Structures are given as C-alpha cells and as structure tokens.
1. Once the Cα atoms of helix 295-308 and of the chain are each reduced to a long axis, what angle between those two axes, in degrees from 0 to 90 to the nearest 10, is obtained?
2. Run the quick spin-label model on L277 and R467: label points 7 Å from Cα toward the beta carbon, then report their separation in nm to one decimal.
3. Determine the equivalent ellipsoid of the chain by diagonalising the alpha-carbon gyration tensor, then write out the semi-axes as square roots of 5 times the eigenvalues, largest first, rounded to whole Å.
4. Return the FRET efficiency for the residue pair I458, N430: r is the Cβ-Cβ distance, R0 is 45 Å, and the value is rounded to the nearest 0.05.
5. With n ≥ 4 as the cut-off for DSSP H runs, can you work out [θ] at 222 nm for the chain, using -39500 (n - 2.57) per run divided by the number of residues, rounded to the nearest 500?
6. Roughly how many debye, to the nearest 20, is the charge dipole of the chain about its Cα centre, given +1 on each Lys and Arg Cβ, -1 on each Asp and Glu Cβ, and no other charges?
7. With θ set to phi - 60° and the Karplus curve 6.51 cos²θ - 1.76 cosθ + 1.60, what are the ³J(HN,Hα) couplings of the stretch 241-252 in order, to the nearest whole Hz, using x for Gly and Pro?
8. Taking Cα pairs under 8 Å and at least six residues apart, what relative contact order does the chain come out at, in percent?
Amino acid sequence: MRAQPRSPFESMSSMPAAQGLYDPANEHDACGVAFVATLTGIASNDIVAKGLTALRNLDHRGAVGGEPTTGDGAGILIQIPDRFLREVGGVDLPEVGSYAAGMAFLPLDAEAAAEARAAIEAMAVEEGLTVLGWRDVPVNPEILGNMSRGAMPSFALMFLASAGEPLSGIALDRAAFGLRKRSEHELAVYFPSLSSRTLVYKGMLTTDQLENFFPDLRDERMESALAIVHSRFSTNTFPSWPLAHPFRFVAHNGEINTARGNRNWMRAREALLESDLIPGDMQRLFPICDPHGSDTASFDEVLELLHLGGRTLPHAVMMMIPEAWENDTDMDPARRAFYEFHSSVMEAWDGPAAVCFTDGTQIGAVLDRNGLRPGRFWVTEDGLVVLASEAGVLDIDQKTIIRKGRLEPGKMFLLDLDEHRIIEDHEIKNTLAAEHPYDEWLYSGLVRFEDLPDLEHIVHTHASVTRRQQVFGYTEEELRILIAPIARTGAEAIGSMGTDTPIAAISDRPRQLFDYFSQLFAQVTNPPLDAIREEVVTSLAGTIGPERNLLAPSSASCRMLQLPFPVLDNDELAKIRHMNKDGDMPGFSVHVVRGLYDVDGGGEALRPSSTRSAPMSPMPSSTRAPASSYCPTGTPTPTWRRSRRCC
C-alpha cells in the first residue's frame, strides 16, 4: 500500500517534528509587506522592478537563520506575464486568460519528480483539464545556505487549460482549484499559485536572493501592472519554502491569534459545503485548511474558497476581517446589518494584521479592527500607487505625489485596474451592504438573547451550594481568596504572588475543570485585549445554532441565537434550555447532554452517558428528568418548570 504523503508544508521545511514543549502548530510570523501598482492597468517590467526594489528595502523586516544565506522567506505575486511565458515556455498557449500557469514545488529526486508530473497530468484529465506542458524553472541554488538548500524542492512551471468547453478567468481557476488541492493532499506537491490571473515566485530566501535565485524575475519581458512583495520574519519559529509569502491571494504582516478556532470551525463546516460554481465533489478539496500550514496559509485557503465560491475578493476579506461594528452607534444601518449577518455565518479571523490582497485585477489592503500593524500609501500623478508597511520602500519624487495617507483600523484601500481608479472604503462597503436585504434576513432569522423571556430565579439552599462546591472541587483557599472578594465587591481580587503549583494536566491532585483551560496569548509582543476597557474595538458576542452552507448565503444562514457574552449563569442557561418550550421557535430544538457518570468507571464510563441526550423543547408538562440527571444529591428535578428549588 502506498504511504500517505506528507504535507508539502512539512516536506519542504526545516521545521522539526513536535517534541517536548515545541509544537509546529504554534508557528507564527511577523513581516514586511508592500504592493506597487499602476492605475493605467498597463503591464510593464517597470512595475515588477519597482516591486523587487521595494522588497529589497524591506530586508530589515525579514530575518535569517544562523547562516546569513538562509532567509525566512521572500516572494512576489504578479499578473500572468503573458509575453514572457509565450516566448520562454516552449508551449503553444491559447489567448491570455484561457490558460492557467503555476509553479510546482516538486521532489528534488528526478525520478520522483517525473512520477509526480505524470500523476498530476492524470489527475488533470479526471478534473476535465489538460496539461499543455511543463517548463523547468531555472534557479541558482549556489547562493543558498545549507538549511535552505537542504529543504529545497525542484521547480517546474505547469501550463493548464480546459479539456472540454473553453474556460477562462475565474471559471478556469475554479477548475484548477480541485487539481491543485488534490495535488497537495494526494501527492504532497505544492503550487504557490495555479491561476489564469496571477503568478507567484517565492521561497525560503532573503530579499536579495529572490531575483538572483529565480533569474526569470530579471528578464525584461516579465511584465505586470501590479506586484505584491513580502519579507518574512518567522518569529521564534522555523522557515519553510511553502510558508513564504505571498500566498495565492494575500501577503500578511502580523498574526492571526484566533487561527486555531478558525481552522476548527472551517473543518466543522466542510460537511455542509456545496457549490454550483466550484465543479466536482467538494470532498476531494478537504481539508480546506492544511493542518500543517501557518496562520496566514489557512487565512488564504479560506479566502480562496469564499472567492471561488462566488463572493468578490473585497466581500470575502470583509467577512474575515470585519471592522469594529458592534459598538459603533454611528455606523450606517445597512452596513451594520451586513456585518451582523456575516458574524453569524463566520467568525472573524482576528489579530494584528495588515493584509495585502489581489485577484489580478483588483488590489488592495486592509487593517485589523484595532490598527495594530502599520500601513502607508502614496499615489503619484502618473497613476503609480505604492502601499507598504513603512515609508521609504521606493524613492518617489515628492513633487509627483498627489495623495498619501495611512491605513486606518478596519478600513479598506482598494484599486481597480480595469476601472483605473481607487475605490473608497465607503463605496466598497455601501455597495456590498446593498447586495442583499441583510436587515430583513436578520429580522426574520436572528434571535437575540435579551429578547428571550426571563424565568423565575432559582434559589438554592446553603447546604446545596456547599454540596456543589465539594462536588466540583472548590477548596477553602479558592473560596476565601478568589470567590469571597468577587462576591463582596463584584471585582476579581488583585494579588502579586505567583504560584508554584503544577499545572492541572500534570498535577497528581484533583483539580477543577476550569484549571485545564488557559488563555492563549499572542506569541510575539501583543498584549491581551480587555473587552471591557476597550469595548469600542472588541466584542465577546457570539452566535449558537445550526450551521448552514457557507457558500450559499440566505435568510436561513442567520437563524441563530446571539449571545452578548460567552459566560452564562444558571438563569441565562435556563432561558436557552427553555427558549422553544412552547414550540413557537421552529429550528431551535435544545438538547441537554447528560454529564453524570459512574466515577468508579473512569473516563470510559462517561462515553455511554455522553451519547444520551434529551430534547428540552418542546416538552409536555408531565415530563420529568431521571432522578440523578442534574442534582448531585439524587433529588428528582423537573426540567420544564419556570421556578423550582433544587437540592
């Protein structure tokens, strides 16, 4: 049986396996990013050259390892250089837009690389595509350090077209999407890009090495009307050829602090994904997020799915990096409805982020809601637009500058090269907010927690509270030092002493369930946010309820219960349990999973208990819970009454 191939993120990296306290899942990076474009939309070598100059001037934002010739990563994303590819590719190409091109990171062994090419060609036939040919990409590995060269793949440019009805533009990219994902999953072959619109050159390089390693980039026939460049600083982590930026659509300075949760949610949603636009069985595309990728790699993979699934690129970016809308009382109601609807469809990818993005026609940048990463732009009188994570990436005559500014928190800066103009933030968002009746969808679908009827408060006896504290493992010290001050003042007690007790996972004493969970903070220098003192730009609200197809938004997509705060007390939990007790909220059937089990049976005894769940609504008045369902003392407690005393 053929061994399952490793992920390309593993096989082309100097990253070691998980060991001790090190886990590759915690890889992050902080970098320099810039883009150069011309509003004329005319492709030229000058834009590519300016992009490479900007990249070299971002050298201090990147990093090298112990040897100065091994870089953390550098790369450039440009439009398909049609003239260059026709003259050097050795392939008879159809008209521009009707073929896709992409560089493949293949095995270094010639025989293994030939097998991978043959397998990709066979897959292409299954996907309704034809491989027009391959071109070995010339490289200069002599300039690389030992670590970079040791992880280096071989490089080949593949040309692709539809085998049946002619496809072009994004339609061809959708067809190529399946081939690329299968190549990654089944063959561990990585394509930095495979598109009819854009082409990426990147690697485990320094900024100076990029154009010297890939001589293609020094060819005067290499022409584009836009270029995104990136210099990677993989903070406290290991570099990799595939993890260099740009990715297929984005280059990113910062980190996505919520990446683990974002990936988990994306994995959970895969079972519901269906698309009339993306051809073939969706199962072959999964997982959408490669578990070995970085935070930015996962962001790019989801952005790609949303874009190919029917949303414009600005729309998809706004879904994933929304501005701080929750507490902005001055925001236009239509725009607010747009954000509120999408918050029930997908959670934000949050963290300090300056993201440049492009689909080959539109190019732009967006800043996170807190504005924790810099971004400045300049526009000249001849239509040149430069945006970078700092000033000075290009030497521009100040007399020619007609506009300059900075990225603002949650705001989008967007160019459309077909329309030859800058599209302002308010125009982008007002246009997208008017695409669907989001306010009507919210009115008919979203249930707000504060609108649920209150239930009578349950009063527990002192003996009951004490018994529960014992059952759940509270100690005298915790009651005296932590709980009592909160009860007296409504605020958490402040102390200056540390703790030398073992963490819960390795402690030999029983610990509270809460002790096994701890806050995940940013790996680099970002302070934790205080959702109370910084409520203008933060929100702890969330939604619960049935998920829908992410690629088919409708009024049913927001059929959710919105919670203003993730921590619930008993009364609030009771409101949720009984929200549909009268059967007047179809689609909200609440179930309670029994958590009681025979302690003597260990963890295995919990398994059969956890598979038994009881519907909570609607429920006839004669229904009563099993004797020990909720109450530790064994006292029967009805699950439907609005008021009761327990234990």
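The values are calculated or read from the model by the stated rules, or taken from the named source; none is laboratory data. Everything numeric here is computed off the predicted structure, so don't read it as measured data. Backbone-built Cβ (ideal geometry, glycine too); neighbour counts: all protein chains shown. Keep in mind that these areas ignore ligands, DNA and RNA; they rest on the heavy atoms of the full protein, side chains included. Shrake-Rupley method; radii C 1.70, N 1.55, O 1.52, S 1.80 Å.
1. Relative to the chain, helix 295-308 is tipped by roughly 80 degrees.
2. Using points 7 Å along Cα→Cβ, the separation is 5.8 nm.
3. Working: eigenvalues 479, 150, 139 Å².
Taking √(5λ) for each eigenvalue gives 49, 27, 26 Å, largest first.
4. Working: r = 48 Å, r/R0 = 1.06.
Result of the calculation: an efficiency of 0.40.
5. Numbers: 17 runs with 161 residues, N = 647.
Only helices count here, giving -7000 deg cm²/dmol.
6. On the way: 59 positive and 88 negative charges, 378 e Å.
It works out to roughly 1820 debye.
7. Whole-Hz 3J(HN,Hα) from phi for the stretch 241-252: 5, x, 7, 5, 9, x, 8, 5, 10, 10, 10, 9.
8. Numbers: 1239 pairs, mean separation 97.7, N = 647.
About 15 percent, as a whole number.
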